[in-house]
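Novice: Sending over a structure as structure tokens; questions will come in a sec.
Throughout, read-outs are computed from the coordinates displayed, never taken from laboratory work. From a predicted model like this one, the values you see are computed outputs, not experimental measurements. A quick note on method: Cβ atoms are made from the backbone with ideal geometry, for glycine too, and the neighbour counts reach across all protein chains shown.
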Amino acid sequence: MNTTKPATSVTVTPKSMASPVSAGSRNVDVEIALRAVQDEIEIFPDRPTRVWRFVAETITGPSDAVQPLPDTYLGPILRLRRGQRVRIRFTNDIPDETIVHWHGLHVPAEMDGHPRFVIGRGETYEYEFEVLNRAGTYWYHPHPHQRTGPQVYMGMAGLLLVTDDEEQSFRLPSGEFDVPLVLQDRIFDDQRQFVYLPNGHMDQVMGFLGNTILVNGKPNYRLEVVTRPYRLRVLNGSNSRIYKLAWSDGTPITVIGNDGGLLERPVQKPYVVLGPGERVEIWADFSRYTKGTRVILRSLPFIAPGGMMGRGRGGRMGGGMMGGMRNQGANPPIIGQGESFDVLTIEVTREVKHNALLPNQFAPIHPLPFDEVINASTPRRIVLSMTPMKGWTLNGRTFEMTSVAEDEIVRLNTLEVWDFINAGGRMGMGMEMLPHPMHMHGEQFQVIGREVDPSTRGMWESVKDGFVDEGWKDTVLVMPGERVRVLRRFGDFTGLFLYHCHNLEHEDMGMMRNFEIRN
């Protein structure tokens with residue numbers, strides 16, 4: 001294990017902070033030392049895999065603030081409480097510049113992990129912020145420009161769980177019955193090492209797809225359960241893969257939460273669709289099963305670009321370019337976008353009595369007041385498209401480290417409607433439009449509408465019943481030809497924040513822009 005501390009350490013402190021906690025203050029409730037390290041993990045039993053990953057320890061605060069996950073490259077679960085004041089000292093001990101983004105958290109601009117704050121090996125970046133979010137399933141991952149995809153792929157990701165009194169009042173399954181499930185896909189060479197971008201730049205254009213599904217960093221994942229309800233927290237931590245999750249026995253999926261925490265009430269879906277970066281919380285009741293029963297959580301087929309339904313490994317999954325070219329050289333073949341595959345196996349190992357009941361109602365989620373929207377008649381239009389010269393773009397633009405266009409300036413404490421419009425584009429190679437999971441940093445938003453062009457309606461119809469648009473979101477999947485309308489408040493903090501596609505290869509290509517909140 002290569003987890004030794006660097007010989008020298010330089011602390012990088014932002015020049016300005018708009019945080020409720022001022023730089024250098026000592027009145028914090030939780031202090032955590034977080035490090036990015038090079039390491040080796042036995043993903044397969046025959047030999048270790050080289051990884052980059054996060055490790056952490058609690059300096060001050062509750063003993064469960066850092067919960068290591070055994071036998072995985074994933075970072076420890078960080079457990080925080082709403083209202084806590086937190087300090088995280090992040091030290092970089094990998095050979096890349098990097099910085100950490102707290103995905104879904106509402107924090108000041110200097111605490112958000114913008115790539116302009118990257119630090120080199122041996123340097124430390126100090127975060128201080130108050131936990132303003134409601135209880136929910138969030139996560140953390142690196143965010144350097146043009147290197148987010150490979151760093152996440154090498155293992156740098158972890159869950160960040162927030163709780164509060166409101167959530168605890170519902171007495172949901174806890175402890176061993178509250179199970180995190182991080183879904184990712186990878187390719188391994190014959191030495192059990194990660195292979196990234198096996199076909200070069202085509203993976204950058206399409207987004208990386210692997211041939212091995214990992215859950216919590218493990219292949220062929222098996223979860224042993226007893227006959228009672230569980231709370232399953234599912235994160236799509238893949239670089240670009242979309243999952244269409246369903247139970248193998250046809251039982252509807254009972255959703256109790258998504259990106260921003262618990263919904264107002266449970267909803268049932270025939271399946272759940274998760275784009276990269278999205279989360280969902282599932283109430284899974286195994287009470288009606290007997291000991292020895294096995295149930296598969298499966299990703300169902302859907303129509304991917306190119307107009308073809310998933311047909312099994314080695315087929316032209318994902319349409320002409322994604323299936324035909326990208327399967328070359330991968331053994332076994334790449335699992336294409338839209339292909340059906342098993343994600344994990346649930347096995348009932350014991351029958352028990354329990355008194356856990358699914359609440360009919362959680363806390364109310366009040367719609368943002370539309371009468372306060374300042375651009376109701378002229379929403380901001382964010383066109384997602386491909387151009388031959390620039391690649392994937394937002395309104396025809398690619399990322400500039402500190403620049404912001406005039407139409408990307410937002411006034412503090414205003415409420416706005418944004419339209420994400422997936423217009424697609426071609427590069428002269430038969431490339432079809434692709435889905436884009438759009439993520440906004442800062443406060444979360446509410447999805448208030450979806451429209452789809454008739455020319456791509458078939459693709460949309462194959463996934464539409466799995467969108468969990470209720471409640472609060474920070475990442476939303478925009479299908480080809482679709483317009484997704486979101487409503488958001490831009491409150492509390494000024495400064496530069498990011499909005500981007502969470503297909504990490506698209507993000508690294510520049511499908512990311514700043515927006516600036518000004519007084």
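Novice: Do we have residue 258 as under 21 Å from residue 504 (Cα atoms) and of a type outside the set (Ser, Thr, Tyr) here? Break it down into steps so the answer makes sense when it comes.
Specialist: Working: under 21 Å from residue 504 (Cα atoms): yes; of a type outside the set (Ser, Thr, Tyr): yes.
So residue 258 fits the description; yes.
Novice: Okay, moving on. Of everything in the range 362-395 that's in a loop (DSSP other than H, G, I, E, B) and in contact with a Ser or Thr (Cβ under 7 Å, 6 or more places away or on another chain), which residue is nearest to residue 433 (Cα to Cα)?
Specialist: Among those that are in a loop (DSSP other than H, G, I, E, B) and in contact with a Ser or Thr (Cβ under 7 Å, 6 or more places away or on another chain), it is 390.
Novice: Still on this structure, please answer the following. Given (1) under 30 Å from residue 254 (Cβ atoms); (2) touching a strand residue (DSSP E or B) at 6+ places or on another chain (Cβ under 6 Å); (3) of a type in the set (A, V, I, L, M), identify the lone condition not met by residue 363.
Specialist: Against the list (1) under 30 Å from residue 254 (Cβ atoms); (2) touching a strand residue (DSSP E or B) at 6+ places or on another chain (Cβ under 6 Å); (3) of a type in the set (A, V, I, L, M), residue 363 comes up short only on (2).
Novice: Between 476, 468, 486, which is assigned to a loop (DSSP other than H, G, I, E, B) and not basic (Lys, Arg)? Break it down into steps so the answer makes sense when it comes.
Specialist: Values: 476 fails: assigned to a loop (DSSP other than H, G, I, E, B); 486 fails: assigned to a loop (DSSP other than H, G, I, E, B).
Unique residue meeting the criteria: 468.
Novice: In the range 239-258, which residue that is in contact (Cβ under 8 Å) with a residue 12 or more places away in the chain and of a type in the set (Gly, Ala, Ser) is farthest from residue 295 (Cα to Cα)?
Specialist: 240
Novice: How about the range 79-194: which strands (runs of 3 or more DSSP E) wholly inside it have at least 2 residues that are touching a residue at least 60 places away in the same chain (Cβ under 8 Å) and within 26 Å of residue 494 (Cβ to Cβ)?
Specialist: Those strands (runs of 3 or more DSSP E) span 85-92, 100-103, 123-130, 136-142, 158-163.
Novice: With the structure loaded, tell me whether residue 412 is hydrophobic (A, V, I, L, M, F, W, C), in contact with a Gly (Cβ under 9 Å, 6 or more places away or on another chain) and surrounded by fewer than 16 Cβ atoms within 10 Å (Cβ to Cβ) or whether it fails that test.
Specialist: Values: hydrophobic (A, V, I, L, M, F, W, C): yes; in contact with a Gly (Cβ under 9 Å, 6 or more places away or on another chain): yes; surrounded by fewer than 16 Cβ atoms within 10 Å (Cβ to Cβ): yes.
Criteria met by residue 412.
Novice: Applying the selection to the range 431-465, what residues are more than 21 Å from residue 143 (Cβ to Cβ), of a type in the set (S, T, N, Q) and assigned to a loop (DSSP other than H, G, I, E, B)?
Specialist: 462
Novice: Being of a type in the set (A, V, I, L, M, F, W, C), crowded, with 20+ Cβ neighbours inside 10 Å, part of a loop (DSSP other than H, G, I, E, B) and touching a residue at least 60 places away in the same chain (Cβ under 8 Å) is the requirement here; does residue 493 meet it?
Specialist: Yes.
Residues are listed down the side, and each one gets a yes or a no for (1) out of contact with any strand residue (DSSP E or B) (no Cβ under 7 Å at 6 or more places or on another chain); (2) farther than 28 Å from residue 111 by Cα; (3) hydroxyl-bearing (Ser, Thr, Tyr):
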| position | (1), (2), (3) |
| --- | --- |
| 459 | no, yes, no |
| 463 | no, yes, no |
| 479 | no, yes, no |
| 485 | no, no, no |
| 496 | no, no, no |
| 504 | yes, no, no |
| 510 | no, no, no |
| 513 | no, no, no |
